[in-house]
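The values are calculated or read from the model by the stated rules, or taken from the named source; none is laboratory data. Given the structure is predicted, the values throughout are model-derived calculations rather than measurements. Neighbour counts are summed over all protein chains in view; Cβ atoms, including those assigned to glycine, are modelled from backbone coordinates with ideal geometry. Just the protein is used for accessible areas: all its heavy atoms, side chains included, with ligands, DNA and RNA removed. Shrake-Rupley method; radii C 1.70, N 1.55, O 1.52, S 1.80 Å.
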Amino acid sequence: MKKIVMGTLIPAILVVFTAASAAQEGVLKKTAITGVRAETMGQLNDAAKKMVALAEAIPEDKYSWRPAEGVRSVSEVFMHIAGANYFLPVFAGVKAEGYEGNEGFKKLQALEKITEKQKVIYELKKSYDHARMAISKTKDSDLDKKANFFGNETTVRGILILVAVHCHEHLGQSIAYARINGIVPPWSVDDGQ
């Protein structure tokens, strides 16, 4: 009897899970972004994954380290990225709730004063969620719209790409900071580098 029940139950469970998985995949395909937005999202996600892993790997006592006087510290670099993840999409027409107007800009600047490791990681993750939202919510039809970035004419597409490029720029900086302090980036540990 047990064999009959198990022989019937297991295939039934597999059918249910397969159907649920297919339904979920269908929903994802309907809402998935494509083209330059998908490529930009891929670059942003790569930088985000590595940046958060690095922020988690660096000991809190190194968060105040800076390579020279007047240069951003480890935590200031992380929080500079967080601020930019809110600030840059504004140029593409995506509002950063809670960071609007002069008071909002002051709040963005104040992010760099956060130095506690767990708060830095929290703010960094939250900012990447905002950047992802900015990319995913932008319509393909808006990508060619003109955008002004501090007096330079660009497009909404250019701003979204800039968000990912900016993250990679400071990822490189953060990798250098970590290496100088004897910290191997977590994704390099497996590679033996």
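Here are the numbers for the structure shown:
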quantity	calculated
Residues W65 and A110, FRET efficiency given R0 of 22 Å [Cβ-Cβ distance, rounded to 0.05]	0.55
Full-extension gain in nm, K125 to W187, via 0.36 nm per residue minus C-alpha separation	20.5 nm
Positive dipole terminus of segment 141-193, leading residue within I183, F149, L160 (C-beta point charges)	F149
Heavy-atom surface of segment 38-193, accessible at 1.4 Å and reported per residue (Å²)	53 Å²
Euclidean distance of C-alpha centroids, segment 44-84 and segment 90-166, integer Å	17 Å
Additional length obtainable on full extension of the chain from N45 to S136, 0.36 nm per residue less Cα span	31.5 nm
Cross-link table K49/K95; K50/K137; K50/K113, entries beyond 32 Å C-alpha to C-alpha	none
Qualifying chymotrypsin sites (Phe, Trp or Tyr not before Pro) for segment 87-176 [loop in DSSP, other Cβ within 10 Å: at most 14]	F150
Cross-link pairs beyond the 30 Å C-alpha cut-off, checked among K106/K146; K106/K145; K119/K145	K119/K145
Accessible area of M133 in the full protein assembly, 1.4 Å probe (Å², nearest 10)	60 Å²
Cβ charges +1 (Lys, Arg) and -1 (Asp, Glu), total dipole of segment 42-123, debye	80 debye
Fully extended contour minus Cα-Cα distance, from R179 to A38, at 0.36 nm per residue	47.7 nm
Globularity index of segment 78-193, i.e. its alpha-carbon radius of gyration over 2.2 N^0.38 Å	1.18
Computed E for N102/F150 - FRET, C-beta separation, R0 25 angstrom, nearest 0.05	0.90
Extreme residue, positive dipole direction of segment 44-153, given options A55, V77, G101 (C-beta unit charges)	A55
